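Presented below is the structure to which this report refers.
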């Protein structure tokens, strides 16, 4: 697989891995953003990725929102910078 399909598969694998490796919790979100970027039309990759990132953040329950956002800030560099949205 290549492109968006590949990153979507990685996102699913990361989501499954969270149950036994808590540090993987950002991996699924990061790969989903990479999948959207890869599937976007030429020239719309970055904007599409930012929209996906914002959408993901809108889905966060209030009880954990700040924890997740703080984790994204701390680990953005190792997550390909996809959480700059």
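Throughout, read-outs are computed from the coordinates displayed, never taken from laboratory work. No experiment lies behind these values; they were computed from the predicted model shown. Don't worry about glycine lacking a Cβ; one is built from the backbone with ideal geometry, like all the others, and counts go over all protein chains shown.
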Most exposed first by the Cβ proxy, i.e. fewest other Cβ within 10 Å, how do 31, 10 rank? 10, 31
Top of 35, 63, 13 by mean-square fluctuation, Gaussian network on the chain, Cα under 10 Å: 63
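Once you order the gyration tensor axes a ≥ b ≥ c over the Cα atoms, which shape class does the chain get: rounded for a/c under 1.5, otherwise prolate or oblate by comparing a/b with b/c? Before the final figure, lay out each step's value.
Values: a/c = 1.94, a/b = 1.27, b/c = 1.53.
It is oblate, given that a/c is not under 1.5 and a/b is not larger than b/c.
Could you please rank 85, 79, placing first whichever residue has the fewest other Cβ atoms within 10 Å of its Cβ? Display every interim value, and only then the final one.
Numbers: 85 15, 79 19.
The most exposed by this proxy come first: 85, 79.
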Full-extension gain between residue 24 and residue 63, please, as 0.36 nm times their residue separation minus the C-alpha to C-alpha distance. 12.1 nm
Please work out the FRET efficiency for the pair residue 70 and residue 17, using the Cβ-Cβ distance as r and a Förster radius of 30 Å; give the result to the nearest 0.05. 0.90
